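The values are calculated or read from the model by the stated rules, or taken from the named source; none is laboratory data. From a predicted model like this one, the values you see are computed outputs, not experimental measurements. Note that each Cβ is placed from the backbone with ideal geometry, even for glycine, and that neighbours are counted across all protein chains shown. Side chains included, ligands, DNA and RNA excluded: accessible areas come from the protein's heavy atoms. Shrake-Rupley method; radii C 1.70, N 1.55, O 1.52, S 1.80 Å.
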Amino acid sequence: MNIVVCVKQVPDSAAQLSVEGGQISWGEAPLVINPWDEYAVEAALQKAKDLGGSVTVLSMGKESETEALKHALAMGCNEAVLVSDPALAGSDNVAAARVLAAAIAKVDDVGLVFFGKQAIDSDTGTLPAQVARVLGWPALTLVSAIDELNADGIKVERAIEEGRQVVQSGLPAVVSVIKDYGEPRYPSFMGIRKAARATIPVWALGELGIEAPSPVVAWPEVMAPPQREIATEIITGGSPAEIAATLADKIMAEKVL
Amino acid sequence: MTNKIWAYIDQFKGEALPSSWETIGAGLTLAESLGGGVTAVVFGENIKGVAEEAFQYGADEVIVADDPTLGDYRAEAYTTLLAKLAADSAPDVILFPTTTRGREVSGMAAVDLNTGVLVDVTALEVVDGVVVATRPIYAGKLLAKVQCSAKPQLITLRGRAFAKPVEDATRSGTPITVPAALTEDEISVKVVDYATVSGGVSLADAAVIVSGGRGVSNNPKLTPPGDLDEAGQEIWKAQQGFKLVGDLAAALGGAVGASRAAVDAGYIPYSNQVGQTGKVVAPDMYVACGISGAIQHLAGMRTSKMIVAINKDPDAPIFKLARFGVVGDLFEILPPLVEAMKARLGK
Ligand SMILES: Cc1cc2nc3c(=O)[nH]c(=O)nc-3n(C[C@H](O)[C@H](O)[C@H](O)COP(=O)(O)OP(=O)(O)OC[C@H]3O[C@@H](n4cnc5c(N)ncnc54)[C@H](O)[C@@H]3O)c2cc1C
Ligand SMILES: Nc1ncnc2c1ncn2[C@@H]1O[C@H](COP(=O)(O)O)[C@@H](O)[C@H]1O
């Protein structure tokens, strides 16, 4: 049984973003693997070791964008595939789900597909469930621990608003992993060398045997958030009790409570 | 089911999540431009009370599916039913709260209905009869206008971004009941168990959040029990700090948050983390105690209405966003602040 893990390439979380001529710019900041997806790669590598299968890391993006795939290879994934086609520019999340599902279907004997929780650029967090829906597989999202996994099925703990829910399903299944799963490993020296040498196959829509799904979500405008004018007032003077009393009065006077 | 605007009510064990009612409020505002009223949709088991509340919060019609197969939320069962109802009645817009379930069901229903989903929206407007949404992207560093050309337009609303309608106890109605779409055999996921965290105000719904950072472990005056190792001593110290943070949260009827540094150091569970890789919150008041204000933390709380910062370091970036700041030791400021706030709030 093999495993696929889906990763996205995003601007570093510390990047200073701006909008220039309607285009998003992140200056000199590097593109990196979406931080949530490192947890997914970690889970995929652990489970492949338990089950004795191979891990294919999959990303949909521009042909030049392979940093995330290389990072995952360096962590220990066996294969990497980039899904890229000029016709995919402007895909919305349902379109992306259909394309990734078609790519997953092309990989042999897939029992599990891992995702991160959410992409830190678009912040949608819907793709794992959507890919599962396209494939017709169970969606086990926001998983913090995998309690049982064998050829017949999987039992996981999920985080919900109310706490934890333990669910089980058959395989194949789609799993999105959250941070509680455990710290992702660092790429090894050997891994980094292997990844640097790897040639990553690119699958275009022709190879997937599908037409470009037509996106219905448009982003007519991107803008910087309105600058908030905040007049910061530093409360000083007197003992901690006096400062606390002044602060409490000022908080009450703002009438937000 | 004639209304063009639907509001999906997210409930857990017969209790609606508070942000669900905001979907009815936002729906009623849209209805002023688009016409008609708002139809609330509730799925679950033993949810009569939720349906009644939906009327009280302003829904003019409530669709209820009350069935044992819907007792535990399962994405497949909920999505299949919602997509079926929407395919039959063709609403123009379905609003969801951006809860874990709301996000999932809306995303999956978008696949079934061949439409799109606009997630975690903070503002809505109607332009030439089309709903245009505003949503933060890159953790709020930018805003995007988004719109969906297919119908229904599925939209999830960020908690607390839209006002909750005023409850009117005199309103009532008779729900339209519909059957579940799948039988138990057709649902592949089984719920085995729950470990629910009881009580407390959830970060998403809290009007006030008091958060602690790495600074909460920094009180040299405390002497931890001698039998702890170094890491244990640090955590013990941090827990004393978080107790003060919790006291202030309790005095203000709020929730406790944390920076990632506090979570990573094991002071407090990840579910309390605020920030780019934690929860994004927008309370009326956010009090940051011993938090420096790294860009990834600010991403999670910058849209709070009023920010108060307590930090030893006058140059901490958190002060730039703060309406009020105290440059000082949180261990000295918090205890009298708790008392002062209690006195002013009449507690
Ligand atoms: C990909 C990525 C994602 C991240 N996501 C998040 C996220 O979601 N949320 C998040 O918070 N961070 C996140 N971070 C981490 C972030 O960059 C910072 O490291 C973190 O926010 C720092 O936490 P802190 O402010 O508690 O600690 P520090 O930066 O160490 O600050 C501690 C502060 O406490 C003050 N202090 C110390 N003692 C006292 C005292 N007795 N009284 C008063 N003040 C005191 C100090 O002056 C200092 O300003 C992320 C980082 C990366 C790379
Ligand atoms: N372009 C992409 N290629 C591969 N996987 C992706 C892509 N975009 C998102 N994902 C995966 O889907 C998860 C959720 O993304 P999103 O729904 O876009 O927030 C991410 O954490 C990734 O695991």
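Is it the case that the range B:300-308 has a residue that's farther than 30 Å from A:ASP121 by Cβ and either hydrophobic (A, V, I, L, M, F, W, C) or without any contact (Cβ under 8 Å) to a residue 24 or more places away in the chain (or both)? The answer is yes, given that some residue of the range B:300-308 is farther than 30 Å from A:ASP121 by Cβ and either hydrophobic (A, V, I, L, M, F, W, C) or without any contact (Cβ under 8 Å) to a residue 24 or more places away in the chain (or both). Which pairs do you get when a residue that is within 7 Å of chain A (Cβ to nearest Cβ), found in the range B:316-332, comes within reach of a residue that is within 10 Å of ligand 1 (Cβ to nearest atom), reach meaning Cβ atoms under 6 angstrom, with the pair 6+ apart or on two chains? Qualifying pairs under 6 Å: B:PHE319/B:ALA309; B:ALA322/B:ALA309; B:GLY325/B:ALA309; B:GLY325/B:PHE319; B:VAL326/B:ILE310; B:VAL326/B:ILE333; B:VAL327/B:PRO314.
Of note, A:ASN34 does not satisfy the criterion of being modelled with pLDDT of 90 or more and either away from ligand 2 (no atom under 16 Å from the Cβ) or β-branched (Val, Ile, Thr) (or both). From the list A:VAL202, A:VAL174, the one residue that fits, being more than 9 Å from every other protein chain (Cβ to nearest Cβ), at pLDDT 95 or above and touching a Pro at 6+ places or on another chain (Cβ under 6 Å), is A:VAL174. Which ones in the range B:1-38 are within 20 Å of the chain's Cα centre (by Cα), surrounded by fewer than 21 Cβ atoms within 10 Å (Cβ to Cβ) and of a type in the set (A, V, I, L, M, F, W, C)? Matches in the range B:1-38: B:PHE12 only. Checked across the range B:224-238, the condition of being of a type in the set (D, E, K, R) and within 30 Å of B:THR99 (Cβ to Cβ) holds for no residue. Could you grab me the full set of residues in the range B:100-145 that are crowded, with 24+ Cβ neighbours inside 10 Å and of a type in the set (S, T, N, Q)? Across the range B:100-145, the qualifying residue is only B:SER106.
Is it the case that the range A:21-42 has a residue that's within 16 Å of ligand 1 (Cβ to nearest atom), among the polar types (S, T, N, Q) and not in a helix (DSSP H, G or I)?
Yes: one or more hits.
Looking across the range B:77-99 at every residue that is open to solvent by 30 Å² or more (accessible area, probe 1.4 Å) and not hydroxyl-bearing (Ser, Thr, Tyr), the one that is farthest from the chain's Cα centre (by Cα) is identified as B:ASP88.
Selection of strands (runs of 3 or more DSSP E) fully inside the range B:242-347 by the criterion of at least 1 residues being near ligand 1 (Cβ under 10 Å from one of its atoms) and open to solvent by 30 Å² or more (accessible area, probe 1.4 Å) returns B:324-327.
With respect to being within 16 Å of ligand 1 (Cβ to nearest atom) and closer than 26 Å to B:VAL117 by Cβ, A:ASP92 falls outside the description.
The set of residues from the range A:199-254 being in a helix (DSSP H, G or I), open to solvent by 70 Å² or more (accessible area, probe 1.4 Å) and closer than 15 Å to B:VAL308 by Cβ comprises A:ASP249, A:ALA253.
Quick one: is B:VAL216 in the same structural domain as B:LEU321 (by TED's automatic domain parsing), touching a Cys at 6+ places or on another chain (Cβ under 8 Å) and either among the small types (Gly, Ala, Ser) or within 21 Å of B:SER304 (Cβ to Cβ) (or both)? The answer is yes for B:VAL216. Looking only at the range A:114-145, residues that are more than 9 Å from chain B (Cβ to nearest Cβ), closer than 11 Å to A:VAL177 by Cβ and more than 16 Å from ligand 1 (Cβ to nearest atom) come to 4 in all.
Being open to solvent by 40 Å² or more (accessible area, probe 1.4 Å), within 16 Å of ligand 1 (Cβ to nearest atom), within 14 Å of chain B (Cβ to nearest Cβ) and in contact (Cβ under 8 Å) with a residue 40 or more places away in the chain is a property that does not hold for A:GLU67.
Among the strands (runs of 3 or more DSSP E) confined to the range B:100-189, the ones with at least 1 residues that are more than 7 Å from every other protein chain (Cβ to nearest Cβ) are located at B:117-121, B:123-127, B:130-137, B:153-157.
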